[in-house]
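Q: First the structure, which I've put down as structure tokens, then a few questions once you've had a look.
The values are calculated or read from the model by the stated rules, or taken from the named source; none is laboratory data. Keep in mind that what you see is a predicted model, and the values were worked out from it rather than measured. Heads up, the Cβs are rebuilt from the backbone with ideal geometry, glycines too, and the neighbour counts pull from every protein chain shown. Ligands, DNA and RNA are stripped out before the accessible areas are found, and what is left, the full protein with its side chains, is counted by its heavy atoms. Shrake-Rupley method; radii C 1.70, N 1.55, O 1.52, S 1.80 Å.
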Amino acid sequence: MSRNYTIVGLDVGTTKTFAVIGQKQRSGTLHIIGMGTAPSYGLKGGQIVDVVLTVKAIDEAVHAAENAARLRVSNVVAGIAGGHLQSHSERADVRLSANENEVTDQHINAVVRSAAMLSLPEDRDVVAVIPKMFAVDHLRDVPDPRGLVARQLSVDAHVITGATNAITNLERCVEQAGLKTQGTVLQPLASAYACLTPEQRREGVVLIDIGGGTTDIAIFLDDACWHIAVIPFGGSMVTADIARGLRLPIKVAEALKIQHGRVDPWIKHDESTVEVPGFDHGAPVAVRRRDLGEVITARMEELMGLVRNEVTNSGHFDVLPAGAVITGGGSRIAGLSTL
């Protein structure tokens, strides 16, 4: 292997497209050398609805990252997200021969592949297969079965699938931007491994990734992902509520949310105002911070209720001592952790 090689990550989101270029060193560390971002106008709810606009966003984001890194790239690893993702649990088994009865990586790969292929509809592709726990013969809850002697190897796996058309559309947009999809990664998993500590993943934690069009949920326990869900609700809906409720242009509403948005309990007592451009040729409009906070709080309370329901229905609500970790653009609203 060469001294280092380049990895390019591409996140095509509902509100922005982000590219990051890193170089992996021989030591295994990853050095970030360039980042680029561009506004996204071709997606809705995490899914591509306009190819031309999406290609334009990919091109702009990647070129910005290339200019920062002072190099040109040809391959990207694309994040897979959106409301089309579905997850379910599967159990699969493989028999070991008498001559090769010691569990190896090949056996593990075989049983995981078997889990991926069970009950797969024609219009869906496997995005990720996450082993939760293995069993060796009658010995259950084995985190790493390699080296054990057995007649049968079983796995309980979390299988995440995506709509074939949605994945194909993303890959084609990448190609039309002059790039090749080197691989894909499940976006909630990428966020989890970036934001969660090994201790949190081991003890039990839920990651809440609030994006522009969707909110991703990933539950970790025993250092394995036990549940993934996507709620078709994100920060762009909060912005739309502000625009409608306070009668403001959408761009003004977004800036107002970012700069002055709060959901802490004290906002209801804040009578101060902030002036922003309105519809009438940009004539200033005075917006009470209390009114802004009430609009944002109503939507975020709704979102947190949906998250709570999802975690409760997963059956893991009472086994998350590390609590919740909130990330994504929507997590930047002041007071959200208290809410």
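Q: What shape does the stretch 1-109 take by its C-alpha gyration tensor, where a ≥ b ≥ c are the square roots of the eigenvalues and a/c under 1.5 counts as rounded, a/b above b/c as prolate, and the rest as oblate?
A: Cα axes put the stretch 1-109 in the oblate bin.
Q: A further question follows. What number comes out for the charge environment of D216, summing +1 per Lys or Arg and -1 per Asp or Glu over other residues with Cβ under 13 Å away?
A: After counting each charged neighbour, the total is -3.
Q: Of G323, A92, A65, which is farthest along the charge dipole of the chain in the positive direction, counting Lys and Arg as +1 and Asp and Glu as -1 at C-beta?
A: A65
Q: What number comes out for the charge environment of F317, summing +1 per Lys or Arg and -1 per Asp or Glu over other residues with Cβ under 14 Å away?
A: With Lys, Arg at +1 and Asp, Glu at -1, the net is -1.
Q: Report the antiparallel proportion of the DSSP beta bridges in the chain as a percent, rounded to a multiple of 5.
A: Of the beta bridges lying entirely in the chain, close to 85 percent run antiparallel.
Q: Still on this structure: Say the dipole of the chain comes from +1 at the beta carbon of Lys and Arg and -1 at that of Asp and Glu; which of I160, V149, A194 then lies farthest toward its positive end?
A: Of I160, V149, A194, it is A194.
Q: For the chain, modelled as a Gaussian network with Cα springs under 10 Å, which listed residue fluctuates most, G13, G79, G329?
A: G329
Q: Calculate the spin-label point distance for N99 paired with R202, positioning each point 7 Å from the Cα along the beta-carbon direction, and give it in nanometres.
A: That separation, rounded to one decimal, is 4.1 nm.
Q: Ok, one more. Using only the alpha carbons of the chain, what is the convex hull's orientation-averaged projected area in square nanometres?
A: One quarter of the hull surface, i.e. the mean projection, equals 20.6 nm².
Q: V127's amide H: which non-local residues (gap 5+, or another chain) put their own amide H closer than 5 Å, with H modeled 1.01 Å from N in plane and none for Pro or chain starts?
A: Under 5 Å from the amide H of V127: I160, T161, G162.
Q: Can you give the accessible area per residue of the chain, in Å², using a 1.4 Å probe?
A: In whole numbers, the chain has 52 Å² accessible per residue.
Q: Pulled fully out, how much extra length does the chain show between Q259 and D50, if you take 0.36 nm times their separation in residues and subtract their Cα-Cα distance?
A: Extending this stretch completely gives an extra 72.3 nm.
Q: Please tell me which of these pairs span more than 22 angstrom C-alpha to C-alpha: K44/K132; K56/K180; K180/K251?
A: Going by Cα-Cα distance, K44/K132; K180/K251 fall outside the 22 Å limit.
Q: Still on this structure, please answer the following. Treat every Asp and Glu Cβ in the stretch 1-58 as -1 and every Lys and Arg Cβ as +1, leave all other atoms uncharged, and give the resulting dipole magnitude about the Cα centre to the nearest 20 debye.
A: The calculated dipole for the stretch 1-58 is roughly 220 debye.
Q: Placing +1 at every Lys and Arg Cβ and -1 at every Asp and Glu Cβ, with all other atoms neutral, what dipole size does the chain have around its Cα centre, in debye to the nearest 20?
A: So the magnitude is around 740 debye.
Q: At 222 nm, what helix-only mean residue ellipticity would the chain give, in deg cm²/dmol to the nearest 500, using -39500 (n - 2.57) for each DSSP H run of four or more?
A: Calculated from helices alone, the mean residue ellipticity at 222 nm is -10500 deg cm²/dmol.
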